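Below is one structure, written out as structure tokens; the observations come after it.
The values are calculated or read from the model by the stated rules, or taken from the named source; none is laboratory data. Computed from a predicted structure; not experimentally measured. Cβ placement follows ideal geometry from the backbone for every residue including glycine, while neighbour counts extend to all protein chains displayed.
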Amino acid sequence: MMAMDREAALEGGDPVGSGPVVVASFNDRRSWDLPDGWRGNIAADGSAMLRLPEGMTHLPERAFSGCTSLTSITLPSTLTSVGYEAFQKCCSLREVNLPDGLTSIGAQAFFGCRALTSIVLPARLRSLGPFAFYDCTSIATATLLSELTSIEDCTFENCSSLCDLALPAGLVDIGEAAFRRCAALSSVDLPAGLASVGISAFSRCSTLASIEFPPGLACLGAHAFQNCSSLVSVTFQAHLTCDLTCVGVEVSSHHPCGDVGLAPPRLPPRAWRSPYLT
């Protein structure tokens with residue numbers, strides 16, 4: 001085992017010695033052991049930069065939860081899973097590399113990481129837990145070109161700076177409130193195989209201007225686009241075959257109709273609220 005030597009780190013040296021790794025310098029609530037090969041430096045301002053050892057395959061739950069001065073971390077190429085709340089509320093974390101072999105990210109793993117500006121999910125990722133990037137208010141770009149077939153509930157809720165979103169080609173389901181309050185999101189391309197959009201999935205996306213639904217869409221949840229105040233164009237593909245029996249739309253009758261290709265008999269009330277759509 002290797003111990004953190006604060007003085008050596010402050011001088012730019014690598015940690016030396018053996019024994020428990022004390023991370024109290026940037027997280028006053030815990031100290032714990034890490035395998036040989038761990039490297040870290042603590043700057044004079046108390047910020048920390050860490051490199052975890054090759055050979056590690058799982059990052060335990062809450063591993064760095066609440067490490068408020070952690071600014072950067074390099075994950076090993078051997079890592080396949082990130083545990084529940086692993087980086088929750090690491091509010092100074094600006095960058096993290098997700099290795100190509102990563103297949104699972106636990107619930108709330110990056111919850112409240114408000115300094116993160118972008119995220120690229122590896123191609124092999126198959127599981128992304130609910131609330132994984134909730135309240136990451138600085139994320140502007142999210143590239144989800146992975147094996148994901150489902151985006152869980154509230155995964156990107158309140159990512160208020162998110163403006164560039166690429167969804168997986170094989171995506172089938174978008175969960176409840178998955179992108180709620182993504183206020184900077186002005187457009188989104190829904191994959192051709194998408195079958196379900198959950199309750200409040202895009203509600204309060206106040207700059208979203210248009211949406212085109214794929215032909216296989218079968219379920220559109222209540223309030224899916226509620227309070228999308230810039231939404232003026234909603235298009236269902238001409239060869240739409242589903243009955244959309246799960247739709248809920250609440251439509252205003254006080255404003256003229258926008259460019260909306262809806263089939264009224266098939267749309268029970270309550271799927272979105274926009275003053276510009278009827």
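Of note, Glu147 satisfies the criterion of being in contact with a Lys or Arg (Cβ under 8 Å, 6 or more places away or on another chain) and surrounded by fewer than 17 Cβ atoms within 10 Å (Cβ to Cβ).
When Phe26 is tested against (1) modelled with pLDDT of 55 or more; (2) within 21 Å of Thr117 (Cβ to Cβ); (3) not small (Gly, Ala, Ser), exactly one condition is not met: (1).
Scanning the stretch 152-204 for residues that are more than 12 Å from the chain's Cα centre (by Cα), acidic (Asp, Glu) and in a loop (DSSP other than H, G, I, E, B) turns up Glu176, Asp189.
Taking the condition surrounded by 18 or more Cβ atoms within 10 Å (Cβ to Cβ), modelled with pLDDT under 95 and outside any strand (DSSP E or B), does His239 pass? No. Among residues belonging to the stretch 53-65 that are surrounded by 14 or more Cβ atoms within 10 Å (Cβ to Cβ) and farther than 17 Å from Ala109 by Cα, point out the one that is modelled with the lowest pLDDT. The selected residue is Pro53.
Residues that are of a type in the set (S, T, N, Q) and farther than 22 Å from Glu176 by Cα were ranked within the stretch 86-144; the one that is surrounded by the fewest Cβ atoms within 10 Å (Cβ to Cβ) is Thr117. Scanning the stretch 74-118 for residues that are farther than 17 Å from Asp135 by Cα, part of a loop (DSSP other than H, G, I, E, B) and among the hydroxyl-bearing types (Ser, Thr, Tyr) gives Ser77, Thr78, Thr80, Thr103.
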